Amino acid sequence: MFQRILVANRGEIALRIFRTCREMGIETVAVFSEADRGAAYLELADQKICIGPARVSDSYLKIDRIISAAEVGNAQAIHPGYGLLSENAHFAEICRDSNFEFIGPSHQAMAMLGDKNTARSLAKKAGIPTVPGSEGIIDSEQEALAIAEEFGFPVLVKATAGGGGRGMRLAWNAEELKTAFPQARQEAKAAFGNGDVYLEKYIENPRHVEVQLIADHFGNVVHLYERDCTMQRRHQKLIEESPSPHIGAKTRQAMCQAAVKLVQTAGYTNAGTVEFIVDEKENFYFIELNARIQVEHPVSEMITDTDLIRAQILVASGEKLPFTQKEIQIHGHAIECRINAEDPKNHFCPSPGKITKWIVPGGLGVRLDSHVHAGYTVSPYYDSMIGKLIVHGKNREEAISRAIRALSEFQIEGIQTSISRQLEILQHPVFVEARGYTRFIEKEWA
Ligand code: MV4
């Protein structure tokens, strides 16, 4: 087992990892930017090392500085958290070449899954349902048109280097595809340095359901059931829950089995999430495999009574998974609300600044993962998420009441937050009756 881990991240996820390390008796090395200097959460690490100026490109994304910090801090492993360098295969490779264990999948698996078209081919090979679409990269407009005619409009042009909703273009007919195709290629080239695109039939009003998995180096793969992330706005998730209210036991079983099969086929290790879209008839289709711990992992932890960060660390150090599939059962229902420093009354514009009042909820079934406090200044340089409220109840109804109760207890001044909108969503009949769909928030609060 590792004695010392460097956490190559900031904010709530860095704190989340420090906490588990403390419980495991593992020391931690924090890295921080000039903007995060003096932040209270850094005190939970055993050592802290400044890695540069506020901008992520000058600090949290600087691979050489992070590797140097791991050397100076005498760490044996590096946990990347989510975002930042977490899905950068080059970073994972450099960590291992520098003799630091990267707490995540192999760089080969990451590179393969980072290419969404390769991931799609892999899913097909494993017999997992994928959306009807092209067999591979599409090189010409003629080819795109021919394929679209074959399975019918509307179609989505997707960047193979994209993911998470980035690099997608919708076309309802041949005319639109003639502009969408070159635009998608150009945008992908500019955004990712790779203009390769593929085609999928567009599934209208899908639900977004993802399966959490973890795999060790002994061939053990365990799923921790699914999370429903349908309640999002412009690909920014606002509310996540588990289990999904949109699927029945049969679909759940089939989806979780498909996800396990995919991870086995890919030879994937560590924590990962297989993302599906689900149509009105509960048909599910593979979309992508996220090769990291995700923001919303706590809802899976709450319903299965596990610590996913602990499991990640154990697996990375070469130990067997600390649980078997049989031990993973669904207990009750969990809901997560991301607390963002954003103004819901002003198009969710970021609302950085000093938090002058911070009174938070507590009580039965309430978990708050947050690195902020009264007097903390939310920096404009980073993601606007300042915490996550996770509630657990014996069923969905209780979890919803508890989430509403807990959100109402927040007293925050100095910045705007997403809380008022989340309270509206949680009380909306569409959410309560599980009739939500991915574009619901955009439509209802246009
Ligand atoms: C789709 C789709 C419809 N049809 N693919 C968005 C996130 C990215 N991971 C995949 N996304 C989608 N892919 C096909 N073939 C609709 C979406 C999508 C979406 C998916 C999940 C949650 C919210 C969404 C919002 C808009 C579009």
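The values are calculated or read from the model by the stated rules, or taken from the named source; none is laboratory data. A quick note: this is a predicted structure, and the numbers were derived from the prediction, not measured. Glycine gets a Cβ as well: all are built from the backbone with ideal geometry, and neighbour counts include every protein chain shown. Ligands, DNA and RNA are stripped out before the accessible areas are found, and what is left, the full protein with its side chains, is counted by its heavy atoms. Shrake-Rupley method; radii C 1.70, N 1.55, O 1.52, S 1.80 Å.
Listed values, structure above:
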quantity	calculated
Identity of the residue in the range 411-432, open to solvent by 20 Å² or more (accessible area, probe 1.4 Å) and of a type in the set (Gly, Ala, Ser), that ends up nearest to the chain's Cα centre (by Cα)	SER420
Top-ranked residue of the range 271-282 - restricted to ones that are surrounded by fewer than 24 Cβ atoms within 10 Å (Cβ to Cβ) and away from the ligand (no atom under 12 Å from the Cβ), ranked as farthest from the chain's Cα centre (by Cα)	LYS281
Members of the range 86-121 found to be within 16 Å of the ligand (Cβ to nearest atom), out of contact with any Leu (no Cβ under 7 Å at 6 or more places or on another chain) and either closer than 17 Å to GLY195 by Cα or part of a helix (DSSP H, G or I) (or both), listed by number	GLY114, ASP115, LYS116, ASN117, THR118, ARG120, SER121
The range 303-322 - residue that is under 17 Å from GLU226 (Cα atoms) and surrounded by fewer than 23 Cβ atoms within 10 Å (Cβ to Cβ) and, of those, nearest to the chain's Cα centre (by Cα)	LEU308
Pairs where the first residue, in the range 127-149, is touching a residue at least 40 places away in the same chain (Cβ under 8 Å) and the second is more than 16 Å from the ligand (Cβ to nearest atom) and of a type in the set (Val, Ile, Thr), C-beta under 9 Å, 6+ apart	GLY127/THR265; ILE128/THR265
Residue ranges of strands (runs of 3 or more DSSP E) in the range 156-256 with at least 1 members within 13 Å of the ligand (Cβ to nearest atom), buried (at least 19 other Cβ atoms within 10 Å of the Cβ) and at positive phi	166-171
Selection from the range 129-144 of residues that are more than 14 Å from the ligand (Cβ to nearest atom) and surrounded by 18 or more Cβ atoms within 10 Å (Cβ to Cβ)	ILE138, ALA144
Counted residues, the range 10-44 - those being under 18 Å from ARG65 (Cα atoms) and open to solvent by 10 Å² or more (accessible area, probe 1.4 Å)	5
Count of residues meeting criterion [surrounded by 17 or more Cβ atoms within 10 Å (Cβ to Cβ) and in contact (Cβ under 8 Å) with a residue 60 or more places away in the chain] in the range 353-366	1
